[in-house]
Structure formats: structure tokens, C-alpha cells
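Here the structure comes first, spelled out in C-alpha cells, and everything after it is commentary.
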Amino acid sequence: MLAIVLAVVLRPRSPATAMHVSLATPVRVALARRADAPRWGNAARADVQGALRSALSTGVDGARAWSCVVLAQDGTVLYDDRGASAVMPASVEKLVVSDAALSELGTAFRYDTLFAATRTPVGGSLNGDLWVAGSGDPSLRSEDLAGGVRALDNAGIQTIHGRVVVDGSALAGGEINPLWNADDGNEDFMSATSGISIDEDTVEFDVTGTQPGEPAEVRVKPQSRGVRYYGSVVTGGGDDVIVAATETPNEFRLAGNIPPGIQEKYWVPVHGIPQYAGRVVSALLQHSGIDVVHEPQTGTVPVDAQILWQHRSKPLPELIKHMLIFSDNHFAEQLMRTLGAATGDAADDRVGIETERHVLAAQAVPIPGLRLVDGSGLAHANRLAAITLARILAHFDAGPHGNMLYTLLPRGGLDGTLKMYRFTSAAGRVRAKSGHLEDAASLAGYVETRKHGRVVFTFMINGSPGDPDAAIVSAVDRLAER
């Protein structure tokens, strides 16, 4: 029965309730191990402190706030410049939700998305509703749902004498955090948070230039009646395509120009995700030749429903690796609310943040001035001290079985958001998470020194009139030289 599949207990601190997540068998993950290294003597400490002060000075001079800490391999503090001051962290905050998710959900955790029905299909007909039950999977794609539709088609289903009913109740709370900047509402990095997530809750516009003076070709993916647009893009006359949300949900205005023969892709957020998902699944069914008699709606899947198709996400470490490498805000927000669900309490931001705090307390991580209002670091209201992030990183490095978090972080100069960082001495020897808002630059992670093994660093600078990123890169290079 469906209720058995969806129910799971994950180290509850209160009585567990049924939820749309599940555990799989543990996955093998290569862990980074650290070798013993010589301790830092007084002279070496004085040397590295002077080098870091010099390197960071161009970033912190005149800055509004900063918080910087470096920890030796044995956990002792090598460098501390306002390390207990809580500042705006930007995306390095994703280390907090990574820590909590690995600790509370475990490496075997996966999300499930289901097609289900209360009646067994007979003679090519499903005499009832097709239920789509989400679990908050941030990695679910419309192509995955198309695979589920193919499974129904292969099973011989030709007609659904009911509706597509979407259950997005796995996660709770509003789709958009009220503390996010409303001016970013048309950006793909500020998409909705929902119990049923498709394509990171964005829709893709493919715009291709045709003949000069003619309208460009526009394709919407996935195609459904859940998205509408008006206007057009003219071929020729420049390259300034506009795909802008209107005041009507999931309606977009097109304008601007595109060169002939050029294709450009734009991803923009959609809203009302359960309703949107119902229209997407209905369109996929119709495209596959499966008739749906009634319009889609939302609801809660019955406990006696039978599973017709099941999609499992990749294991949690792979989801976190994607989130950290590409600084994916949507993954962070979905994971944080999943933490709330794992407690058996409300799967919303409040309980997710409480769970993060519970994990930090259990790890004896100091949290001076801590204020978290989301999971991604997108809100300007978040506050984190460098010592908090440094101790999270050190907690993983001190593990007896190797450092999983280290293996999930992007490599400096090679991966994701760190690809454009131009390290010199630290090249090939640093893994870290970056963070940027218009008034904040941050980097937190690990670097291998020449003589003293791996060290932990957290550098966060707010409101700098200089070049804080260059200062931070220089500081990491100076560490690597020691």
C-alpha cells in the first residue's frame, strides 16, 4: 500500500508522521582522508598571520563588516579577525544545510516521486484519478515525468476517466521567502519551493533567430497550458531578448531582438507549482496518446492508492554535490524544508532552520550572532560568523572515516562557481564554497598547505570598496605556501 512506501522515520525528536521520502541502501562514497602533519610553531603562526593580514587588507580596508577564521589541522585557531562577528554570508550558508542534511537524513537518503491510483487499470482504462505524489525532489525533471508517462503507455493505459491530481503536501510554507529581494523575481535563481518540483520550478524558453525582420521561433519546454506568453522577438537589429514575467502568474512578455540563426535559452520561474505540475503531466499524457477526461487539480493522495510508477532521485551526497558546485539555491531550499519533514514536524522553513540549529548544537559548533531565514543564503537578512562555518568544516575533517564534505565541494579553478577563481600557489589544492551578493563576497573550505597539512578557512567580507574576491584568493594562496 502507498502509505507503507511513503512512511519513514528519520531520527525523530518528536513522533514521526508519514512523509513522502524514503531511504535506500547505503551508497559508496570516496572519502578524503588527512595525513598527520607538523604542528604550527609560534614562528610559523606569526608568519601566516602576517601574510593573511596583508593579503586581506585590500578587501577589508574600508569594508562595512567582515569575519575571517583559519583553523589548523588539529582544530586550533591559526588566524582570527572578527571571527565571532556574524555577517551576511551569501551562498557559503549552503554549508549549513549540507551539514544538517548529511547528519539528519544520511547518505542513503533519496526522494521519491510516484504515479498512483486507487483503482487497477482495466482494458486500457483507468477508471478514476491519476495521482502524482511529490516528495520535494529538487532534481526532478519533466523528462523524468515523461518517463513515467511512457511506463503507463507501455502498460497499455489509453484513457484516464478522471483527473491528474497532484499532491504537493510533502513540503509546507510559501513558495517564495518574503525576505528575498522582489526585484529578483524574474531570475531562475529565485524559484519557488514546493512539495512537487519540476525543472527546479522554472520553464525554459528557446528563442531562435529566423530571417531578418521576421519573428524569431519560440519554443516553451515543457509545453503545457500552464504557461502563456504574448509579444515576439524580432530577428536582426541586435541581441537583447526579453522574457519577462507579468503580473499574471505564469504569463510572460516577449520582446527584443536576436541575430539570425542564433538560439538562446532562458529559464524563468513559474508559480502555483502543484497546479502547474498537473498541467504539465496532463500535457505529457495527451502527447503520448493517453486521453485525460477532466482538468487537473490538487489534493492529498489516498492511503489506499496503488503505485503505478516510481522515480527515485540520486542519493543525497550527489544532490549536495550539485548544490555546492553550482550554488543551486533551489536545492538548498528544498533540502532545508525536507529537514523539517524528517523531524515529523511541519516541513517548512521554521522547522528546517530549527533542525539546522539542533545539528549545530549536537556538534558543539559555536553560533555567535547566528540568524538564518532561508537555506540558500539568498536573503540579505542572514547572519553567520566565520567561526561557525569553520567549525562545521573542521567537524567533517575530524571524522574517523574521512571527510565526505571535502569530496562534495568544488575544486578551485576547475568546478562550477569556482571555475573562474585564479589561484596560483593554491591551484589544485583547494576545495571550497563561494558566496556572492551585491554587497558580500565569501569563500569557505579547505586548502592543503606545503608543510602543515590541510587547513580550514572562512573569509567573509561585506561592503568592501575594494576587490574582496582578489583579497580572498590571495589569502588562500598565502595559506597554501606555508
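What the table shows:
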quantity	calculated
Hits in the range 219-244 (condition: small (G, A, S), in contact (Cβ under 8 Å) with a residue 40 or more places away in the chain and part of a loop (DSSP other than H, G, I, E, B))	S224, G226
Residue, nearest to P222 (Cα to Cα), within the range 126-143, restricted to residues that are surrounded by 17 or more Cβ atoms within 10 Å (Cβ to Cβ) and of a type in the set (D, E, K, R)	D137
Any hit, the range 145-152, residues being under 29 Å from the mean Cα position of the chain (by Cα), assigned to a loop (DSSP other than H, G, I, E, B) and hydrophobic (A, V, I, L, M, F, W, C)	no
All positions within the range 38-89 that are under 24 Å from F396 (Cβ atoms), out of contact with any helix residue (DSSP H, G or I) (no Cβ under 9 Å at 6 or more places or on another chain) and of a type in the set (D, E)	D74
Yes/no for E251 being modelled with pLDDT under 95 and either loosely packed, with under 14 Cβ neighbours inside 10 Å or at positive phi (or both)	no
Residue tally, condition closer than 23 Å to R371 by Cα and small (G, A, S), over the range 149-193	6
Single unsatisfied condition, Q275 versus (1) assigned to a loop (DSSP other than H, G, I, E, B); (2) in contact (Cβ under 8 Å) with a residue 40 or more places away in the chain	(1)
Subset tally (residues that are touching a helix residue (DSSP H, G or I) at 6+ places or on another chain (Cβ under 9 Å), surrounded by fewer than 19 Cβ atoms within 10 Å (Cβ to Cβ) and under 22 Å from T246 (Cβ atoms)) for the range 269-317	1
Tally of residues being out of contact with any helix residue (DSSP H, G or I) (no Cβ under 8 Å at 6 or more places or on another chain), acidic (D, E) and surrounded by 15 or more Cβ atoms within 10 Å (Cβ to Cβ) across the range 200-240	1
Residue that is modelled with the lowest pLDDT, among those in the range 298-332 that are closer than 22 Å to G278 by Cα and of a type in the set (D, E, K, R)	D304
Qualifying residue in the range 378-391 (condition: part of a helix (DSSP H, G or I), touching a helix residue (DSSP H, G or I) at 6+ places or on another chain (Cβ under 8 Å), at pLDDT 95 or above and not polar (S, T, N, Q))	yes
Residues (of a type in the set (S, T, Y) and either open to solvent by 10 Å² or more (accessible area, probe 1.4 Å) or touching a Pro at 6+ places or on another chain (Cβ under 7 Å) (or both)) located in the range 363-405	T388
Residues (farther than 16 Å from A379 by Cα, open to solvent by less than 10 Å² (accessible area, probe 1.4 Å) and among the acidic types (D, E)) located in the range 328-362	E356
The lone exception for G174 - which of (1) without any contact (Cβ under 8 Å) to a residue 40 or more places away in the chain; (2) more than 25 Å from A346 (Cβ to Cβ) it fails	(2)
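So that you can scan it fast, the table gives a plain yes or no per residue for (1) within 28 Å of R219 (Cβ to Cβ); (2) in contact with an Asp or Glu (Cβ under 7 Å, 6 or more places away or on another chain); (3) aromatic (F, W, Y):
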{"position": "T248", "(1), (2), (3)": "yes, no, no"}
{"position": "F252", "(1), (2), (3)": "yes, no, yes"}
{"position": "P269", "(1), (2), (3)": "yes, yes, no"}
{"position": "G272", "(1), (2), (3)": "yes, no, no"}
{"position": "P302", "(1), (2), (3)": "no, no, no"}
{"position": "A305", "(1), (2), (3)": "no, no, no"}
{"position": "M323", "(1), (2), (3)": "no, no, no"}
{"position": "N329", "(1), (2), (3)": "yes, no, no"}
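The values are calculated or read from the model by the stated rules, or taken from the named source; none is laboratory data. Remember, it's a predicted structure, so these values are computed and weren't measured experimentally. Virtual Cβ from ideal backbone geometry, glycine too; neighbours counted across all protein chains shown. Just so you know, the surface numbers come from the protein's heavy atoms only, side chains and all, with ligands and any DNA or RNA stripped out. Shrake-Rupley method; radii C 1.70, N 1.55, O 1.52, S 1.80 Å.
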